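Asks: My questions all concern the structure below.
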Amino acid sequence: MTKVITYGTYDLLHYGHIRLLERAKALGDYLIVGITADGFDMARGKINVQQSLMERIEAVKNTGLADEIIVEEYEGQKIDDIKRYGVDIFTVGSDWKGHFDYLNEFCKVVYLDRTQGVSSTDLRSEKREIRIGLVGESTVLNKFAAESHFVNGVKIVGYCSLDSSQFSDELQGLPIKTSDISKLIEESDALYVVSHPSKHYEQIKLALQRKKHILCESPIALNVNQYEELKQLAKDNGCILMDAIKTAYSTAYNRMHLLVKSGVIGEVKSVDSICTSLSDLESKKDKNLSNTWNSICAWGPVAMLPVFQLLGSKYSDMQIISHIISENFDTFTKVSFVYPNAVASLMVGKGVKSEGELIISGTKGYVYVPAPWWKTDYFEVRFENPADNKRYFYQLDGEGIRYMIVSFLKAIDGGRNCSYIGNEVSEAIVGVVERYYMNELILI
């Protein structure tokens, strides 16, 4: 019996895929089809896949052409699979010609001509582009615009800003440059909001009333009532309202989160999160910091993310300790949470510097994520016996921004929130920020 193996993503399965599978099947007696996992596709930079792994497996299965379906999850797996399954022929489309010649050492390699005139990329591109407008003064907008080029189906149309002096040439060249958000809303399908948090509520409400989708840097609002109002308005108008914390979309953080949830370190008993950066506050002699993101808003949502994702939002007690140098501007804040069976702490600061690490302690072991943990590509799972320790490495592309954009587009296209950050987490973040602004804190 001649065994044949081929690999692909098989996103939006079309005639070209089926024709290739038919010809692969004809090469032998038994066809094994490897379908790339979502994580492996991301690691290869293929981030515009529209269908989940299970949807793609089901589509290939329904063709009736595959005798066996496997999942491709890591670099070098093709060699392992060829040996494991006793494969005689490896085949793939001719657009990969020469790329897999190294496999000739293990089996025969055949490149098949692809069906002309059809591709998954073309099918994805046929959908109307989502026009996104940018709101705010942050240089993060430069990164967002740059990362949007890696994602099919998005077009940056312009920005609304009171100060665009630090914007890149790309942003300066956009067709819409205004300080009037109404003009930008009119020409956009969706907004990415990075304005000062005090402006979020009014800006988002205006956009949602005009049925525009929103991706907003956390916190979405400064009190829970405002957040609930915006969430309901989005629901009533069929709009997507998503929290933008790019860390949640980085591959390393996402894998770490899933590992901890699976019980690899047992029951989580403590989460300790530190996020700090030094800002040139002393140069602002007038200390007019009203338009500058303070520590609790700039770093708080990121630091709170693992706490609420792993321990939930139902804490029994919380204490906030801050050092404030101007109205509502903290150079340093420490928050402690008490849960029925766990504790958590976070430290954030724009006027102090500390080791920005994340430690998650469990009953069987702990996870250590080195600084800067919010954009890491590496973490360790450690146990009592060091011989059992494991290290995990994942490529970090665009600090998670491009994957966040993909999730936002999928949510708009599917009409349901695909955020990696649940509503309960977003609301819990807003709740802590609200208590800060209500001065429910200890000053130092």
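Asks: Can you confirm whether region 59-68 contains a residue that is modelled with pLDDT of 80 or more, part of a helix (DSSP H, G or I), touching a helix residue (DSSP H, G or I) at 6+ places or on another chain (Cβ under 9 Å) and among the small types (Gly, Ala, Ser)? Working first, answer last.
Replies: We begin by selecting, within region 59-68, every residue modelled with pLDDT of 80 or more; these are 59-68.
The next check asks that each one be part of a helix (DSSP H, G or I); those that pass are 59-63.
Filter again for touching a helix residue (DSSP H, G or I) at 6+ places or on another chain (Cβ under 9 Å), leaving 59-60, 63.
Pick out the ones that are also among the small types (Gly, Ala, Ser) and you get 59.
Checking region 59-68: at least one residue is modelled with pLDDT of 80 or more, part of a helix (DSSP H, G or I), touching a helix residue (DSSP H, G or I) at 6+ places or on another chain (Cβ under 9 Å) and among the small types (Gly, Ala, Ser).
Asks: Taking region 379-433 on its own, how many of its residues are at pLDDT below 95, out of contact with any helix residue (DSSP H, G or I) (no Cβ under 7 Å at 6 or more places or on another chain) and of a type in the set (A, V, I, L, M, F, W, C)?
Replies: So the count comes out to 6.
Asks: May I pose another question? Would you confirm whether or not region 11-29 contains a residue that is surrounded by fewer than 20 Cβ atoms within 10 Å (Cβ to Cβ), modelled with pLDDT under 80 and under 29 Å from residue 410 (Cα atoms)?
Replies: yes
Asks: Give the number of residues within region 10-40 that are part of a strand (DSSP E or B) and more than 22 Å from residue 51 (Cα to Cα).
Replies: First, the residues of region 10-40 that are part of a strand (DSSP E or B): 30-36.
Keeping just the survivors that are more than 22 Å from residue 51 (Cα to Cα) gives 30-31.
The number of residues fulfilling the criteria is 2.
Asks: In region 177-221, what residues are of a type outside the set (Val, Ile, Thr), in contact with a Phe, Trp or Tyr (Cβ under 6 Å, 6 or more places away or on another chain) and closer than 20 Å to residue 434 by Cα?
Replies: Of everything in region 177-221, just one residue is of a type outside the set (Val, Ile, Thr), in contact with a Phe, Trp or Tyr (Cβ under 6 Å, 6 or more places away or on another chain) and closer than 20 Å to residue 434 by Cα, namely 221.
Asks: Here is a follow-up. When the residues of region 70-105 are narrowed to those that are hydroxyl-bearing (Ser, Thr, Tyr) and part of a helix (DSSP H, G or I), which ends up nearest to residue 17 (Cα to Cα)?
Replies: Of all residues in region 70-105, those hydroxyl-bearing (Ser, Thr, Tyr) come to 74, 85, 91, 94, 102.
Imposing the further condition that a residue be part of a helix (DSSP H, G or I) reduces the set to 85, 94, 102.
Working: 85: 23, 94: 13, 102: 24 Å.
Once the filter is applied, the top-ranked residue is 94.
Asks: Out of region 172-183, which residues are within 27 Å of residue 407 (Cβ to Cβ) and touching a helix residue (DSSP H, G or I) at 6+ places or on another chain (Cβ under 9 Å)?
Replies: 174, 176, 181
Asks: Residue by residue through region 245-263, note down the ones that are in a loop (DSSP other than H, G, I, E, B) and surrounded by fewer than 18 Cβ atoms within 10 Å (Cβ to Cβ).
Replies: Initial filter on region 245-263 (in a loop (DSSP other than H, G, I, E, B)): 245, 250, 262-263.
Scanning region 245-263 gives 262, 263.
The values are calculated or read from the model by the stated rules, or taken from the named source; none is laboratory data. Since the model is a prediction, treat every value here as computed from it, not as a measurement. Quick reminder, even Gly has a Cβ in these numbers, built from the backbone with ideal geometry, and neighbours come from all protein chains shown.
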